[in-house]
Every structure is written in structure tokens, then in C-alpha cells.
């Protein structure tokens with residue numbers, strides 16, 4: 001299970017990008033709330049340790065327990081509904097043995113690992129309707145449990161991720177065309193129904209967030225308040241920002257214009273204090289991490305490795321862009337963390353675990369001749 005690899009095959013670039021983004025998060029959170037800086041740093045160190053350990057374990061062996069991962073994921077999500085901790089009108093957290101965490105964040109990684117193995121076992125049948133429907137049926141329980149927390153933002157993220165996993169896994173084009181021909185009209189109809197006053201499809205606060213995004217002037221002092229202040233804060237940073245830990249009373253963190261900016265709106269803090277340059281740095285690092293994962297996916301030794309690396313690439317890229325879209329007003333307020341930057345420790349540690357698996361996929365990648373680089377000895381050259 002624990003193997004030896006060529007040290008030159010270790011993806012140090014990916015580690016540098018991830019650590020750089022995490023450091024930006026620690027700095028931004030320290031500026032907003034100094035008391036949370038140490039917790040963020042501790043979570044980063046713990047996640048980094050897990051990443052290094054997981055990167056040395058053969059993912060092919062770990063994936064043999066894919067059904068255990070699936071069942072464990074369902075149990076954790078069900079426990080959230082049964083005995084979960086409620087905060088902010090949502091029941092998304094679980095307290096086990098004195099440790100509070102968010103199972104919907106760990107679910108993202110567990111689903112990637114499960115479907116990586118499941119799809120690889122049925123790779124010759126991915127054009128079969130039976131296998132495609134089986135994948136969808138297996139996906140329904142976890143996505144339902146996440147949606148009912150309620151957590152629409154994570155639900156959207158997980159659905160997008162699942163679609164990419166199927167695409168990478170080799171699903172037939174006829175199913176893709178069929179899905180698009182059904183989902184696009186269904187989305188338009190659903191959006192029309194959601195905007196109706198007496199709708200019961202989504203929670204009332206979720207409807208108000210969508211309406212506030214469409215008509216911000218009408219909700220300027222209520223649901224649109226945080227997003228409008230976030231846009232103002234980012235714009236006020238201009239090119240180089242107001243400076244780290246600015247003491248201006250009109251700043252986002254000092255004026256309390258945004259509740260809990262260290263989580264969903266951490267990008268507003270970065271934009272205000274570090275300006276356009278700081279904001280672009282975060283975006284570039286997110287792109288670099290996603291691109292590096294895609295490069296690993298292209299050279300993976302098997303389909304499972306490809307799906308793992310591609311899944312993590314989508315998770316980091318899509319989630320990062322969605323968070324920034326919320327902070328800049330390009331999307332309704334969703335409440336999803338910025339990867340490696342926001343305060344959420346469950347999200348941070350889960351992402352580090354995902355990167356650990358990508359690193360192991362990279363260590364076992366094929367060379368230019370299609371031969372696996374995996375070795376059973378240490379080569380320090």
C-alpha cells in the first residue's frame with residue numbers, strides 16, 4: 001500500500017500553488033479576525049500533513065474500499081439531518097466526539113473517489129443506459145441529503161462535479177445531448193416557477209437571494225446588502241489596495257458591512273486590502289491549481305486516476321469561480337467557501353486530502369512511452 005517513488009516525479013509545482021493560496025487566506029483572515037488566524041493556520045498545517053501522507057499511499061489500493069466510502073458518506077449526511085448542529089437557519093454541521101465538521105464538504109472528495117472506482121470498473125459499459133442510470137441512482141441519495149440541509153450552493157457544485165466525472169468517464173454523447181435537451185428547458189421552467197410568490201420549490205430565503213441578485217435596488221438594505229458592500233469594497237481597493245490590516249473605518253472589516261467576511265466574502269477583504277493585483281493573484285493561483293490537476297489527469301495510469309485529478313480540478317476551479325462570482329455580484333449569494341482561502345476548516349482539510357490523491361496519481365503517471373513511472377525504490381537523483 002505504501003510505495004516508494006521517484007522524488008523527481010513529485011508535483012512540487014502543485015504544492016507551491018496550493019500553499020501560496022493558503023498563505024493568502026491566512027493573511028486575509030488574520031487581517032479580518034486575528035483570533036481566527038491561528039485556527040486557520042493550524043487547519044492548514046494539519047491538512048498539509050494529511051496531503052503528504054496520502055500522496056505516498058497507492059490510490060488504487062485505497063479505492064478498493066469505495067463502497068465503504070459511499071456508505072460512510074451517506075451515514076454522515078444522514079446523521080446531519082438526524083442529530084446535526086443548526087446555525088444560520090441551516091443544519092449542516094455534525095459534532096462527533098467533540099469535533100464539529102461539515103459532512104457536505106467531505107462528501108465532495110468521497111464522491112470523487114467512489115465514482116472514480118465505480119466508473120473504472122464499468123468503463124467498457126459507459127455507453128450503456130443501465131450503467132448511466134445506475135450512476136445517477138447512486139448519486140441521488142447524497143445529493144438529496146445535501147440539498148435538504150438546506151445547502152443549494154453545495155448541491156449545485158456537486159451536480160456540476162458529477163456531470164464532469166461522467167464526461168471524463170466516457171459517457172456517450174447521446175446521453176450528453178439528451179441531458180442538455182432536458183436540463184436547459186427544465187432550468188428555465190424551474191427558474192420561472194421559483195420567482196413566483198407562492199412557490200414551494202426552494203426555501204424562502206433562497207428565493208430572496210435570487211430576487212436580490214436580479215433586482216438589487218429593491219433589496220439594497222436587506223438581502224442584497226452584503227453583495228453590494230462587497231462590490232464596493234473590491235472597487236475601493238483599486239490597483240494595489242488600501243494596505244494590509246487597513247484601519248479605515250469605512251472598510252469592510254472595520255465597518256461591519258458584511259457579516260462573517262472571513263468565510264463567503266473573503267475575496268472582498270482581499271480585493272479591498274490588496275486591490276486588483278491581489279484579486280488577480282487569487283484567480284491566477286486557482287487557475288494554475290486546476291490546470292496542473294488537468295495535466296495530471298491527462299497522464300494518469302488509469303481511468304480512476306484521471307477521474308480523481310479531473311474531479312479535484314473541477315472542485316477547485318468551479319467552486320473558486322462561484323465564490324468570486326458571488327463576491328463580485330455576478331451570481332446570487334450562495335454561501336460557498338473560496339478554496340484554500342476561506343476560514344472553513346472542513347473545506348480546507350478536505351481539499352488538501354483531494355490534492356494528496358492528485359499527487360499520488362502524479363507519482364504513478366505514465367511517461368511519454370505510456371509506461372507507468374511507479375517504482376518500488378527511492379530514487380533521489
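The values are calculated or read from the model by the stated rules, or taken from the named source; none is laboratory data. Please read these numbers as outputs of a predicted model, since none were measured by experiment. Because the Cβ atoms are built from the backbone with ideal geometry, glycine has one as well, and the counts that use them run over all protein chains shown.
Out of all the residues in segment 1-18, which are in a helix (DSSP H, G or I) and crowded, with 16+ Cβ neighbours inside 10 Å?
Within segment 1-18, 9, 14, 15, 17, 18 meet the criteria.
If I filter segment 156-164 for residues that are in contact (Cβ under 8 Å) with a residue 40 or more places away in the chain and over 16 Å from residue 115 (Cβ atoms), do I get at least one hit?
yes
Given the conditions (1) at pLDDT 95 or above; (2) out of contact with any helix residue (DSSP H, G or I) (no Cβ under 7 Å at 6 or more places or on another chain), report the number of the one that residue 184 does not fulfil.
Residue 184 satisfies every listed condition except (1).
Which residue, of 41, 52, 79, is touching a helix residue (DSSP H, G or I) at 6+ places or on another chain (Cβ under 8 Å), within 26 Å of residue 263 (Cα to Cα) and either touching a residue at least 60 places away in the same chain (Cβ under 8 Å) or not in a helix (DSSP H, G or I) (or both)?
Exactly one of 41, 52, 79 is touching a helix residue (DSSP H, G or I) at 6+ places or on another chain (Cβ under 8 Å), within 26 Å of residue 263 (Cα to Cα) and either touching a residue at least 60 places away in the same chain (Cβ under 8 Å) or not in a helix (DSSP H, G or I) (or both), namely 52.
Residue-by-condition table, conditions (1) over 13 Å from the mean Cα position of the chain (by Cα); (2) under 18 Å from residue 265 (Cα atoms):
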| site | (1), (2) |
| --- | --- |
| 283 | yes, yes |
| 295 | yes, no |
| 299 | yes, no |
| 312 | no, no |
| 318 | no, yes |
| 323 | no, yes |
| 337 | no, yes |
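Mind checking which residues of segment 112-147 are buried (at least 17 other Cβ atoms within 10 Å of the Cβ) and touching a residue at least 60 places away in the same chain (Cβ under 8 Å)?
112, 113, 115, 116, 117, 119, 120, 142, 145, 146 - these are the residues of segment 112-147 that are buried (at least 17 other Cβ atoms within 10 Å of the Cβ) and touching a residue at least 60 places away in the same chain (Cβ under 8 Å).
Against the definition (out of contact with any strand residue (DSSP E or B) (no Cβ under 9 Å at 6 or more places or on another chain), part of a loop (DSSP other than H, G, I, E, B) and over 23 Å from residue 298 (Cα atoms)), how does residue 143 come out, yes or no?
Criteria not met by residue 143.
Within segment 341-361, is there a residue that is modelled with pLDDT of 90 or more and within 27 Å of residue 235 (Cα to Cα)?
yes
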